[in-house]
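Everything below concerns the one structure shown next.
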């Protein structure tokens, strides 16, 4: 079945409901997907409730029906059959209302995110083309590319004036100094997290009271290139996507803020931005800034740790930072694959975020899922990005198995 047909079938199923419970993942892609569906349901006159969660297992599936999962659910084979799912992860759920690009041979890791998939369903429910800008939050947040269906949505939005494009520095932040201070991709050793050092770079890049973009970029590349992965340097300069219909114009800024607010436990604020309320924009910026500075502090703590600490799972002090810390370590430390970041939770389990370089040719989401099940936990994810939850007593053994599975 084509994804367009699946989207139309799910839209029809949604149109039959008197109300819908939406549950979405807490990152930029999940919140964008949930918000797209919330807006589409509102316009169709269908009442809804939207909630956000960090992780979903078969033990904590909401009992409220009808239930629509966004950026969640594909990996749960035991979901009730009537559950509606919009996802792009490796599918194990075989219910009749599951829209997933992988069922149509589309690469869900690169060519279509959950927000893009939700956009297809939303437009099968009504004319919701103005929501196309939100799909870029998923593309940016999940590190996807403008290829395949992502590109189709993008080009339509570009032609309809929903999105525009220019070139520039794409690091998130309200000012050039803040962009440098909050930079984690690349991580600028001794500069990221320091307002004073960031301002020094701005001063050095300024001639006759005018900031020279070429000098600034050169200084940032020289600062980062000695230690980070070469491909991470692409995160400094590139296409700036402008969202003509959203409350935050710069797509990279909005993705950063929505993602940070969601992970910091302020998902309702993230959703309000996606639903085009500007009331809490400044508060959202400050939450995102605080979240990013805490991430930089965790990264500095890791860099200051002994080599022995870096061979096993890297323990994180804050469960809201595990995924971002995994990305930051992996994208800045060459030959670090696999990266395993873990945090101990109050219930005796450890939540893990895992990153691999793909050289083993193995699908991380499936391998991690199988290993987590062996130790009484659960997990899943993408080709090179995965997450799992296992009992802390099994963390070291589980981590050793992950390292063994992905060692090149």
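Counting alpha carbon pairs within less than 8 Å and at least 6 residues apart, what relative contact order, in whole percent, applies to segment 306-406? Kindly include the intermediate steps, with their values, before the conclusion.
Working: 188 pairs, mean separation 24.2, N = 101.
Here the relative contact order equals 24 percent.
Under a GNM of the chain (C-alpha, springs under 10 Å), which listed residue has the highest mean-square fluctuation: 132, 342, 177?
Per the Cα network of the chain with a 10 Å cutoff, 177 tops the list.
Put a dot 7 Å past each Cα toward the Cβ at residue 152 and residue 297; how far apart are the dots in nm?
4.6
Treat each spin label as a single point 7 Å out from the Cα along the C-beta direction, and report the residue 283 to residue 63 distance in nm.
3.2
If packing is taken as the mean number of other Cβ atoms within 10 Å per residue, what is the order of 45-58, 389-402, 108-121, highest first? List each step's numbers first, then the result.
Numbers: 45-58: 15.5, 389-402: 18.4, 108-121: 29.6.
Highest mean packing first, the order is 108-121, 389-402, 45-58.
Given that compact globular proteins tend to follow 2.2 N^0.38 Å, what is the ratio of the alpha-carbon Rg of segment 3-162 to that value? Can you show the working numbers first?
On the way: Rg = 14.0 Å, N = 160, 2.2 N^0.38 = 15.1 Å.
Dividing the Cα radius of gyration by 2.2 N^0.38 Å gives 0.93.
At 7 Å along Cα-to-Cβ for each site, give me the label-to-label distance between residue 345 and residue 164 in nm.
Label at residue 345, label at residue 164, 4.4 nm between them.
Under 10 Å, Cα contacts only: if you run a Gaussian network model on the chain, which one of 84, 254, 240 comes out with the highest mean-square fluctuation?
In this elastic network of the chain, the residue with the biggest mean-square fluctuation among 84, 254, 240 is 240.
When N is the residue count of segment 342-389, what does its C-alpha Rg come to as a fraction of 2.2 N^0.38 Å?
That works out to 1.13 for segment 342-389.
Percent antiparallel among DSSP beta bridges with both residues in segment 306-406, to the nearest 5?
On the way: 17 of 19 bridges.
Roughly 90 percent of the beta bridges in segment 306-406 run antiparallel, per DSSP.
In square nanometres, what is the average projected area of the Cα convex hull of segment 166-278?
Values: hull surface 31.4 nm².
Computed as one quarter of the Cα hull surface, the answer is 7.9 nm².
Based on the Cβ-Cβ distance of residue 189 and residue 317, what FRET efficiency does E = 1/(1 + (r/R0)^6) give at R0 = 35 Å, to the nearest 0.05?
Values: r = 20 Å, r/R0 = 0.58.
The value I calculate is 0.95.
Return the Cα extents of segment 306-406 along principal axes one, two and three, sorted largest first, each rounded to a whole Å.
Computed over the Cα atoms, the extents are 33, 29, 23 Å.
Compute from the Cα atoms of the chain the Rg and the Dmax, the latter being the longest Cα-Cα distance, and quote both in angstrom.
Looking at the chain, its Cα Rg and Dmax stand at 20.8, 66 Å.
Please compute the length gained on full extension between residue 336 and residue 174, using 0.36 nm multiplied by the number of residues separating them and subtracting their Cα-Cα distance. Kindly include the intermediate steps, with their values, before the conclusion.
Numbers: separation 162, 0.36 × 162 = 58.32 nm, distance 3.14 nm.
Full-extension gain reported as 55.2 nm.
Considering only DSSP beta bridges whose two residues both sit in the chain, what percent are antiparallel, to the nearest 5?
Details: 28 of 45 bridges.
Antiparallel: roughly 60 percent of the beta bridges in the chain.
Test of understanding: what is the full-extension gain from residue 204 to residue 16, defined as 0.36 nm times their sequence separation minus their Cα-Cα distance? Intermediate results must be reported in sequence, preceding the final value.
Values: separation 188, 0.36 × 188 = 67.68 nm, distance 6.13 nm.
Between residue 204 and residue 16, full extension yields 61.5 nm more.
Contact order normalised by length for the chain, with contacts defined as Cα pairs under 8 Å and 6 or more residues apart; what percent is it? Show your work: numbers first, answer last.
Numbers: 820 pairs, mean separation 50.9, N = 408.
Here the relative contact order equals 12 percent.
Once every DSSP H run of n ≥ 4 in the chain is given -39500 (n - 2.57) and the sum is divided by its residues, what mean residue ellipticity at 222 nm do you get, rounded to the nearest 500 deg cm²/dmol? Let's see the in-between values first.
Details: 15 runs with 176 residues, N = 408.
So the helix-based figure for the chain works out to -13500 deg cm²/dmol.
What's the Cα-based Rg to Rh of segment 71-180, Rh via Kirkwood? Can you show the working numbers first?
Numbers: Rg = 15.8 Å, Rh = 15.1 Å.
Using Cα coordinates only, the ratio equals 1.05.
Working from the alpha-carbon coordinates of segment 130-232, get Rg over Rh, Rh being the Kirkwood radius.
Over the Cα atoms of segment 130-232, Rg/Rh equals 1.05.
Every read-out reported here was derived from the displayed coordinates using simple, explicitly stated rules and does not represent laboratory data. Since this is a predicted model, take the numbers as computed values, not measurements. As a convention, Cβ positions derive from the backbone with ideal geometry for all residues, glycine included, and neighbour counts pool all protein chains shown.
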